[in-house]
Amino acid sequence: GMARSEGGRAAALRREVMETVWDGLGGPRTEEGCRSAIERLRDTGAKAEACRLASHDRWNLDALEFLELQLMLPCAESILLSAGLRTETRGSHTRGDHPDADPALDGLRTRVGQSDGALAADWEAVA
């Protein structure tokens, strides 16, 4: 089964993910803030691999928290990668290090996908 008696609790790591994303994106955003948050998030992901899980047959909240954490990590990293790539201020995306909109980015959106086993962000044209 999934039971493990060693390691941290998934609930604490979920809170760590939320705090990391808030710190990285809580505006105004900067390249350094996004990069630092991604590094922290990856450290949290490494800790998640050794998460402690209870062995309850019913109502196993440890397992639920663990599964939610596994879904949160790539989602949070995708958001941080996209925010770091967008070097402009546009709409609610505010960059302290790039205070103006960049006309070169008109008609483009960020896309996140797998590249060599890791998440990576790039640009694609809006159809």
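Please treat every number below as a calculation from the coordinates, not as lab data. Since this is a predicted model, take the numbers as computed values, not measurements. As a convention, Cβ positions derive from the backbone with ideal geometry for all residues, glycine included, and neighbour counts pool all protein chains shown.
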Quick check: the angle from helix 31-48's long axis to the longest principal axis of the chain, C-alpha only, nearest 10 degrees? 20
Taking the range 11-73 as the region of interest, what is the percent of Cα-Cα pairs per 5 angstrom bin, listed from the shortest bin to the one with the maximum distance? 4, 18, 26, 19, 14, 9, 6, 3, 1, 0
What value, in deg cm²/dmol to 500, does the helix sum -39500 (n - 2.57) over DSSP H runs of n ≥ 4 give at 222 nm once divided by the residues of the chain? -16000 deg cm²/dmol
For Cα pairs less than 8 Å apart in space and 6+ apart in sequence, what is the mean separation divided by the residue count of the range 57-127, i.e. the relative contact order in percent? 26
With a sphere of radius 12 Å drawn around the Cβ of Ala37, what net charge do the other residues whose Cβ falls strictly inside it have (Lys, Arg +1; Asp, Glu -1)? -4
Note down the relative contact order for the range 1-126 as a percent, whole number, built from C-alpha pairs under 8 angstrom at least six residues apart. 27
Please identify the longest segment of the chain free of exposed GluC sites (Glu not before Pro), where exposed means a DSSP state other than H, G, I, E or B and no more than 13 other Cβ atoms within 10 Å. 50-127
Assuming 1.567 mPa s and 4 °C, estimate D for the chain with Stokes-Einstein, Rh taken as the Kirkwood radius over Cα pairs, in µm²/s. 81
What fraction of the DSSP beta bridges in the chain is antiparallel, stated in percent and rounded to the nearest 5? 85
